[in-house]
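Colleague: Supplied in structure tokens, the structure appears directly below.
The values are calculated or read from the model by the stated rules, or taken from the named source; none is laboratory data. Only a predicted model underlies this, so the values are computations on that prediction, with no experimental measurement involved. Positions of Cβ are backbone-derived with ideal geometry, glycine not excepted, and every protein chain shown enters the neighbour counts. In case anyone asks, the SASA skips ligands and DNA or RNA and just uses the protein heavy atoms, side chains included. Shrake-Rupley method; radii C 1.70, N 1.55, O 1.52, S 1.80 Å.
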Amino acid sequence: MTVEHDALTYPLTAPARNARSRPFWSVVIPTYEPSSQDLEAAVQSVLEQGVGTEQMQVAIVDDASRGFDPKAFVRSLGAKGRIEVSRGERRVGIGENWNRAVACSIGEWVHVLHQDDRVLPGFYRRLSEGIRGAPEVGAACTGALMVDERRGKERWRGPLPARRGVLQDWVENVVVELRIVATAMVVKRTVYEELGGFDPSYRYALDWDMWKRIFMHCPVWYEPEPLIWHREHEWSATRALLHDAENMREIERSIEHSVTSLSERVDLDVHERARRSYARFAVDTALKLLRYESDPVGALRQLGAARRLTGFRFVLRSLWRAVAGRGHDPHPEPGAP
């Protein structure tokens, strides 16, 4: 069964199998040519949370990697019987593999964990407490510790205000500017069943599109403590999209779609603010491409995308502020394979 979205279709997740003996959590890890070291750290961070097998399913869902054997990897960890493995026969890309991962889940709540991110101690316990105390929520998220691999720096990142509870200002923190790291989100499986899967026509804005749909659909619990370790690095599958500004074309398309889908929930001013926010993001990206990757063509493409969103004068002002050290803090990177 499928649902329609902008003349595209994507799978509607079927109800979980074995519904009578479902665990509370399903942790699904989509992979494609992962670093064994990074993936091992991700898996171990889950297993060390102290959640028993009766309460947690753990599954690796591989997108037909050529240089990675998920079954051999699980055997090397001595985790056979604790970790399920699913491997596609052909590569389908990030969005479809995320959908495959969700489809493999049997738990009441689903956590899509990236192959080179980690959960920090207490992630599932703290979210379980919040979820059980607010049965009306259909998703939950935490703050995140962002790690810049190039510079070896860590920084905290999370939505505001920094207080625990149902997130009230989701328009500012999700629609105007995404301040939620993808792997910090957990979603009730029935919400995926009702809304359908990730839209595979997106690669860069894949998670942003889904989170907007979820926040429109149901309340979301927020735990401000940074309980996800998220790596920002140049080998992400989405980094290549920066050089030809495909990331900005997806962002612009997602904003325009929101104008229609959110028209009854928010003012049009919200969309104008989103355009300004992501125009500043494009300016920041242009400067990074110049500074770190010596890519003037990619930088010009990012600036061109910023101009399409807001106009020439706004881009000039944003450039001046960024060069003067008063630039816009970039948004969390969207998904990895």
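Colleague: Out of all the residues in segment 191-208, which are without any contact (Cβ under 8 Å) to a residue 60 or more places away in the chain and either crowded, with 23+ Cβ neighbours inside 10 Å or in contact with a Gly (Cβ under 8 Å, 6 or more places away or on another chain) (or both)?
Modeller: Result: VAL191, single match.
Colleague: For segment 229-261, which residues satisfy the criterion of being under 17 Å from MET146 (Cβ atoms) and either modelled with pLDDT of 95 or more or of a type in the set (Gly, Ala, Ser) (or both)?
Modeller: Result: SER236, single match.
Colleague: If a residue must be closer than 17 Å to TYR124 by Cα and either touching a residue at least 12 places away in the same chain (Cβ under 8 Å) or part of a strand (DSSP E or B) (or both), how many such residues does segment 51-81 contain?
Modeller: 8
Colleague: Also: Quick check on MET56: is it open to solvent by less than 40 Å² (accessible area, probe 1.4 Å) and over 16 Å from the mean Cα position of the chain (by Cα)?
Modeller: Yes; evaluated as a whole, the condition is true for this residue.
Colleague: Taking segment 126-177 on its own, how many of its residues are over 21 Å from SER277 (Cα atoms), out of contact with any strand residue (DSSP E or B) (no Cβ under 7 Å at 6 or more places or on another chain) and modelled with pLDDT under 90?
Modeller: Looking only at that region, the number is 4.
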